[in-house]
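Colleague: Structure below; questions to follow.
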Amino acid sequence: MKKIIAVVFSFILAISFVKAVLAANDIAKITLPSDSGYTLIKAKEWIKINLLTFKSSSKASLYNGYSDRRMSEMKYAVLLNDTESAEKSLNRYEIQKERAMRYAERAGNAEVLSGIKKMTISQQRVMTSLQLQLNNAGELQESIVRVQKQIATMTKKVVGNVEGENAAKIIDTQTWVVWSDPNADINGDLPELPAKLEYAPGTGPGGTGSRIYEGGSERVWAPGTSEGGTAETTKGENVLAPGTSGGTSNTVIEGDANQNLNDSSGGQDGQVIQN
């Protein structure tokens, strides 16, 4: 009888511990491997994967989510200059990401694999950005590159086994593109830069002038002038800069691309503006 009571009591304690671990969501958001509370994070993840999850597809999704937590830990650790934590999180990322792909391959679930591919691209972008931040971090940078290559290679292999060679080529290209330039999208396109403001020779940004936006959302004046002039601007039309006269200094609004006003000696300031 005493043995039965002891077993029941131990079971109740175990259940209580599991509940406490699973309730520790807030800790996971801020705790790094160098913190004492990180053991609880690892215990929570182990319990969910090994005791509460049974389907391969579900395990794949969980591991994929855990791998992204490791990315958050790495970013925070690098911010704090905690390279030891960053290295440990990177190692856990590699293990969990590989397990996610193995379970996804076993399950053959297209939806789960799609989530893994999408997150892989995002994670490659994060790791390259961290490389650029680290500069002379030495071994950590080398470790990041090694893991990037390993994950990229495995992703291509798993996608090929599940979805075919063509899908493998696509994800391989997308992965390497964002690895090469974290600012690029999966097609290799970079975000459009702000319109370039150029001034006529001999002038500069020292006045109150700036630019005029097509559509009238903002109206400003050529450098060194003010709104006292009468000139109006229209798309593609050359006009006298407000407050000038008799010279050749013009303001060109979205006319010919990159057009400079080379003869502006007779007037005051001119500028070339492109939207």
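Just so you know, all these numbers are worked out from the coordinates, no wet-lab data involved. Just so you know, these numbers come straight off a predicted model, no measurement behind them. Heads up, the Cβs are rebuilt from the backbone with ideal geometry, glycines too, and the neighbour counts pull from every protein chain shown.
Colleague: Quick one: grab the alpha carbon gyration tensor of the range 34-73, order the square roots of its eigenvalues as a ≥ b ≥ c, and give me rounded if a/c is under 1.5, else prolate or oblate depending on whether a/b is larger than b/c.
Modeller: oblate
Colleague: Would you please classify the overall shape of the range 15-180 from the alpha carbon gyration tensor, given that a ≥ b ≥ c denote the square roots of the eigenvalues, rounded means a/c under 1.5, and beyond that prolate means a/b larger than b/c while oblate covers the rest?
Modeller: Oblate, because a/c is 1.5 or more while a/b does not exceed b/c.
Colleague: How do Trp176, Trp46 line up, fewest other C-beta atoms within 10 Å first?
Modeller: Ascending number of Cβ neighbours within 10 Å: Trp46, Trp176.
Colleague: Report the extension gain between Ile95 and Gln150 in nm, rounded to one decimal, defined as 0.36 nm multiplied by the number of residues separating them, less their alpha carbon distance.
Modeller: Length gained between Ile95 and Gln150: 18.7 nm.
Colleague: Counting Lys and Arg as +1 and Asp and Glu as -1, what is the net charge of the other residues whose Cβ lies under 13 Å from the Cβ of Leu132?
Modeller: The answer is +1.
Colleague: Contour minus end-to-end for Ser36 and Ala184, with contour as 0.36 nm per residue of separation and end-to-end as the Cα-Cα distance?
Modeller: 49.5 nm
Colleague: Using the Kirkwood radius over C-alpha pairs as Rh, can you work out the diffusion coefficient of the range 67-158 via Stokes-Einstein at 20 °C, viscosity 1.002 mPa s, in µm² per second?
Modeller: 161 µm²/s
Colleague: As a footprinting exposure proxy, order Lys117, Lys169 by other Cβ within 10 Å, with the fewest listed first.
Modeller: The most exposed by this proxy come first: Lys169, Lys117.
Colleague: Also: Among Ile116, Ile49, Ile41, rank each residue by its count of other Cβ atoms within 10 Å, from fewest to most, as a rough exposure measure.
Modeller: Least crowded to most crowded, the residues run Ile49, Ile41, Ile116.
Colleague: Using the basic label-point model (7 angstrom from Cα toward the beta carbon), what is the Ala43 to Glu84 distance in nanometres?
Modeller: 2.2 nm
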